[in-house]
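Written out below as structure tokens is the structure these notes cover.
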């Protein structure tokens with residue numbers, strides 16, 4: 001069966017890492033070939049395998065032999081080029097970290113800005129001017145009933161604010177009614193808004 005592969009670009013600036021410890025291979029490690037099969041690992045992992053573990057190449061399972069280890073001396077030009085590229089990488093990483101910090105700060109400021117805003121819920125109705133004559137332990141159940149807000153549709157939640165004394169020594173409460181459907185909320189508003197409740201008007 002044929003296998004289709006997509007073309008792609010490879011970033012030459014990607015770090016080469018040891019496949020065992022996943023640490024970046026430094027310039028000395030990149031010149032180090034411990035096995036004729038070409039499987040490259042860092043010198044730390046090589047010494048650990050040779051002296052503390054099986055002594056076998058993780059790729060071809062051939063015993064490591066000092067006679068077949070290849071290590072190419074580093075020239076001054078290679079070292080200078082390595083130092084320049086390392087400095088560039090550090091600069092890129094620092095810039096990326098700074099960009100991430102700025103992004104987090106911007107997100108934080110955005111959230112603080114939104115904290116002062118009220119979110120409009122189209123399925124929420126707020127009613128003022130209600131003067132309950134029902135005992136508090138029965139009020140929520142009554143408001144959910146078909147004689148009150150339940151007649152307009154299925155209710156998710158009802159919240160009643162604390163009673164406030166009005167100018168005529170009567171108590172008025174605010175009621176938050178959250179319907180399942182926004183259409184039911186709209187019907188409730190159209191029916192309740194402006195309707196009389198004793199000597200007060202519901203809004």
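If the condition is being farther than 18 Å from residue 24 by Cβ and in contact with a helix residue (DSSP H, G or I) (Cβ under 7 Å, 6 or more places away or on another chain), then the stretch 59-80 contributes only 64.
Here's the yes/no breakdown for (1) modelled with pLDDT under 90; (2) closer than 30 Å to residue 189 by Cβ; (3) outside the structural domain of residue 173 (by TED's automatic domain parsing); (4) loosely packed, with under 13 Cβ neighbours inside 10 Å:
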residue	(1), (2), (3), (4)
72	yes, no, yes, yes
81	yes, no, yes, yes
86	yes, no, yes, no
90	yes, no, yes, yes
112	yes, no, yes, yes
118	yes, yes, yes, yes
129	yes, yes, no, no
132	yes, yes, no, no
139	yes, yes, no, no
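The values are calculated or read from the model by the stated rules, or taken from the named source; none is laboratory data. Keep in mind that what you see is a predicted model, and the values were worked out from it rather than measured. All Cβ positions, even for glycine, are placed from backbone atoms using ideal geometry, and neighbour counts span all protein chains on display.
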